[in-house]
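These notes concern the structure reproduced below.
The values are calculated or read from the model by the stated rules, or taken from the named source; none is laboratory data. If you're wondering where the values come from, they're calculated on a predicted model, not measured in any experiment. Positions of Cβ are backbone-derived with ideal geometry, glycine not excepted, and every protein chain shown enters the neighbour counts.
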Amino acid sequence: MTSFPGVQKISEISGISGVARSAIAAALLLVSATVASAQTAERVALSIHTPEMVHAFQVEVARTDSERARGLMHREDMAVDQGMLFIFEAAGQRYFWMKDTPLSLDIIFVDEDGEIIRIADHTVPFSENIVPSNGDALYVLELLAGTSEELGITEGDRLVSEAMNVPKNP
């Protein structure tokens, strides 16, 4: 085991009960797991093509069931040019909610060709109301609330990213 000067094992610290030591150890594990998870999140460039402009974002990618289930829960801030792209194995009806999500978001449902099929804008933080895609979506993009309206992003616009398997010219 590597030794660091001035650092003691939790078990060697006097005056702390066994329960407190266990709680400290559990908290340290949780913090290290959270940091490791944040550091390993896949990030990619994504652009939204409207008739007037191309808007660039850097997004985290949620590919696995656990990544999609966690989503942006417990996030208290996010830059305006960031978001999260959820990628599913097959297109289908999607249902999202805002439980445990303190940020108001625009939830953008996207078909297998990269075309936006629905935008649920200004979703309510912590709401357990279901937000459906109202059509078959292969991708879902979450951006800060109001981004779609501010940038003029509408249904029919197109997403492009190396993370998405969409045809170049649908």
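Summary table below
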item: Any hit, region 127-135, residues being within 21 Å of Q58 (Cα to Cα) and either in the same structural domain as H55 (by TED's automatic domain parsing) or surrounded by 17 or more Cβ atoms within 10 Å (Cβ to Cβ) (or both); result: no
item: Verdict on T123 being of a type in the set (S, T, Y) and in contact with a strand residue (DSSP E or B) (Cβ under 9 Å, 6 or more places away or on another chain); result: yes
